[in-house]
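The values are calculated or read from the model by the stated rules, or taken from the named source; none is laboratory data. As the structure is a prediction and not an experimental result, all values here were calculated from the model. Using ideal geometry, Cβ is built from the backbone for each residue, glycine included, and neighbour counts are taken over all protein chains shown. Accessible surface is based on the protein model in full, side chains and every heavy atom, while ligands, DNA and RNA are left aside. Shrake-Rupley method; radii C 1.70, N 1.55, O 1.52, S 1.80 Å.
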Amino acid sequence: MMYFNVALLILSCLGYLKFIAEKLRLGFGAAPFIYCCFVALLLYFFGIGDLLPWGYRLATAIGLGLLAVGVVGSRQRFFDFAQPVSLAFVLLSLLGWFYWAIDGDFRFLLWDEFSFWAASTKLIYTTDSLFKENSPIFLKSYPPIQQLFQYYVLQFFSWSEKTALFAQDIWLLSGVLCIASLARAGAMTKIALFFLVATLMYAFGYSFSSLYSDALLGMCFVAALSFAVKEDQSAATWAALALSVGVLLLLKEIGILLALVACFVYATNLLLANRSQRQSLGDVRVAFSGRLRSNLLKIVSIFICMFVVMQSWAWYVRSIGASRALAIPTLAEWRDEPHQRRLLTTLGEFMHRMTETAYHTISIPFTPWHPTLLMIVATLSLLSLLVFYRARPGQRLFCGITIGALFVGFWGYAAALLLSYLIIFTEYEGIRLASFERYLSTYLLAWASFVLVMLFDSTDSWVRKINTLIAVICLTVLTAMTHGQFLTELGGIKSAGPDKALRQQIESFADQVKQHILPSDKVYFIAQRSNGLERVMFYYAMLPNTISMSWCWSLGQKYDEGDVWTCNQALEGLLKGFDYLALYRGDEQFWDNNQAIFDPTSVGAASGLYKIDRHDGQTLLTKVSD
């Protein structure tokens, strides 16, 4: 049955690709990315209407219908849409290779994958719906657009973390193909650019072995830019940009800044691109006025689409009672000593992280030297100026505004991140700029990909031949600078190390717990002297059961000066509303503080599952299993 389902997925996908590339005339390079965006957004709108399974069926049916139309109505040979053939072959081969490279027993091991990215995919797949009011998920206000594409692909297989990761890689590679195809270049140059952009992901700390959304956000941003700068601004290009912008808004909240940059570039293209150098100022004004009138509907409608997407998710979040109210300090509060201390500490850490030579994902070959973030920004700025210098005379103004928008957009993006560390993150995370490089690299990846591809844009046949050689040299150098990580992952993506061993232990413990509880039962989890990794692993393993999601998983006095996780709270108060206690790791401190509420025969164990009974206001815990 699975082979039939996979064949159905492939046939449906072929229908989309042929229609997008041939009928919409957007080319094969853009087709896979537009397909991923359309399917994800279609499922999103069905999901907020609580009709997710129908969305999956309709998405498949549309693809099969387009396939039938393509077979019957096309005057060309069926696969003529896949041009250049060599690039299409490379993409399909790489997708097949990645599916083979991901180990069949692959397991997610990263913290945020357990707490949200993988957990949300698993919950949506299990329940066939988006988050509900009582869904056991962190961050219900996060829009799950990438999870919906994973959900779609998983419907044709069965649940496995290998397949979820493969679905993520499909979308990532489609974004890589989209930007690599932007350059007017030969097939071999585009192939080199495809691998160059894929390798560039590793330069900024990303990979094809994680469900984190940061790399996908960057690829969607640069794909949106590729549509925004196209010379052929047809209705199909507008639709491709609208889909890309919609996805940006639903990947992460900060995606609105990226969407605004892309839309600004698009509007500039419609109003100023291909201006003759010989036009007088008066002629320029007349031309601008004429273009504004003829393109106003396109510009306004793209912002209307943004508004609809944003408001649709805001409405859904309100409907499930998951709206977040940000407590933004007033100006008077910022003058207080605690806020001043946090502000100055955060700004100091920001300057330190921008200038420290510890960006370890990229280095000069054969040396231990690593660039700073500011050096990377300066390099991208210089390369952007080179793109401007090489632009055709009629495109100089548009090109200059575009690279200026990317430069200003970067600092706006960095400022937005800094602000989020001050008012959204906890103080512990904020003053340490938790995951700052990973978040900031989203923009850097998109900027670098766009600039590199545009440097190889040329219509001159002799220059194209030279560009192929230069692109191969750049790929070789970048592979060395990233220590061949792309080649390593092509050799196999596996889960290994102590975290995998820990996860296997947690899953074994969770399987024991599941044998004794009902689906409606709620379980509180304890692991003494833990940073919380065991807690999120257990939470993920128990889905869709409801597991404690509060901070307190280790109780009592702090174990050492660096212990920021242990809560000095009474266990009895934390257990309100729960039916069982899952004690993964108990110790002397735990039992000294809490043995009074346990049955005497149940005290002292290192681990176990305990039933919570309440009588006359008293709580008693009795051991159910080890």
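Evaluating Pro519 against the criteria (1) touching a helix residue (DSSP H, G or I) at 6+ places or on another chain (Cβ under 9 Å); (2) under 30 Å from Asn134 (Cβ atoms) leaves one unmet condition, (1).
Being over 30 Å from Ala496 (Cα atoms), in the same structural domain as Gly321 (by the TED database) and either in contact with a helix residue (DSSP H, G or I) (Cβ under 9 Å, 6 or more places away or on another chain) or open to solvent by 10 Å² or more (accessible area, probe 1.4 Å) (or both) is true for just one of Val197, Val176, Val222, Val153. Which residue is that? Just one listed residue meets the conditions, Val222. Here Leu543 clears all of (1) open to solvent by less than 20 Å² (accessible area, probe 1.4 Å); (2) within 19 Å of Leu621 (Cβ to Cβ) except the condition numbered (2).
Just one of the listed residues (Leu555, Leu533) is in contact with a strand residue (DSSP E or B) (Cβ under 7 Å, 6 or more places away or on another chain) and either touching a residue at least 12 places away in the same chain (Cβ under 8 Å) or under 21 Å from Phe114 (Cα atoms) (or both), namely Leu555.
Checked against (1) at pLDDT 95 or above; (2) in contact with a Gly (Cβ under 7 Å, 6 or more places away or on another chain); (3) not hydroxyl-bearing (Ser, Thr, Tyr), Gly70 meets all criteria but (1). For segment 572-626, a tally of residues being among the charged types (D, E, K, R), touching a Lys or Arg at 6+ places or on another chain (Cβ under 9 Å) and under 17 Å from Phe538 (Cβ atoms) returns 2.
Screening segment 425-449 for residues that are open to solvent by 10 Å² or more (accessible area, probe 1.4 Å) and among the aromatic types (Phe, Trp, Tyr) and picking the one that is nearest to Asp563 (Cα to Cα) gives Tyr428. Among residues that are at pLDDT below 80 and either open to solvent by 80 Å² or more (accessible area, probe 1.4 Å) or touching a Lys or Arg at 6+ places or on another chain (Cβ under 9 Å) (or both), Ala327 is included.
Looking only at segment 45-91, residues that are in contact (Cβ under 8 Å) with a residue 60 or more places away in the chain, under 25 Å from Leu250 (Cα atoms) and either open to solvent by 30 Å² or more (accessible area, probe 1.4 Å) or not assigned by the TED database to the domain that holds Leu9 (or both) come to 4 in all. Of the residues making up segment 549-569, those that are open to solvent by less than 20 Å² (accessible area, probe 1.4 Å) and modelled with pLDDT of 85 or more number 7.
Can you say whether Lys162 is at negative phi, modelled with pLDDT of 95 or more and in the same structural domain as Ala322 (by the TED database), as far as the supplied structure shows? Considered against the rule, which asks whether it is at negative phi, modelled with pLDDT of 95 or more and in the same structural domain as Ala322 (by the TED database), Lys162 comes out as yes.
Scanning segment 92-110 for residues that are loosely packed, with under 15 Cβ neighbours inside 10 Å, assigned to a helix (DSSP H, G or I) and not aliphatic (A, V, I, L, M) yields Ser93, Gly96, Trp97, Tyr99, Trp100.
For every residue, the table says whether it meets (1) within 27 Å of Met219 (Cα to Cα); (2) not aliphatic (A, V, I, L, M).
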position	(1), (2)
Ser12	yes, yes
Lys23	yes, yes
Leu26	yes, no
Pro32	yes, yes
Leu51	no, no
Thr60	yes, yes
Leu64	no, no
Phe81	yes, yes
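Would you confirm whether or not segment 522-533 contains a residue that is farther than 19 Å from Leu109 by Cα, part of a loop (DSSP other than H, G, I, E, B), in the same structural domain as Tyr610 (by the TED database) and open to solvent by 10 Å² or more (accessible area, probe 1.4 Å)? Within segment 522-533, one or more residues are farther than 19 Å from Leu109 by Cα, part of a loop (DSSP other than H, G, I, E, B), in the same structural domain as Tyr610 (by the TED database) and open to solvent by 10 Å² or more (accessible area, probe 1.4 Å).
Identify the single condition in (1) within 24 Å of the chain's Cα centre (by Cα); (2) more than 30 Å from Arg535 (Cβ to Cβ); (3) not in a helix (DSSP H, G or I) that Leu433 does not satisfy, given that it satisfies every other one. Among (1) within 24 Å of the chain's Cα centre (by Cα); (2) more than 30 Å from Arg535 (Cβ to Cβ); (3) not in a helix (DSSP H, G or I), the lone unmet condition for Leu433 is (2). Could you count how many residues in segment 202-214 are open to solvent by less than 10 Å² (accessible area, probe 1.4 Å) and in contact with a Leu (Cβ under 6 Å, 6 or more places away or on another chain)? Adding up the residues that qualify gives 1. Residue count for segment 436-478, restricted to those that are among the charged types (D, E, K, R) and outside any helix (DSSP H, G or I): 2.
In this structure, Ile191 does not satisfy being in a loop (DSSP other than H, G, I, E, B), among the β-branched types (Val, Ile, Thr) and over 17 Å from the mean Cα position of the chain (by Cα).
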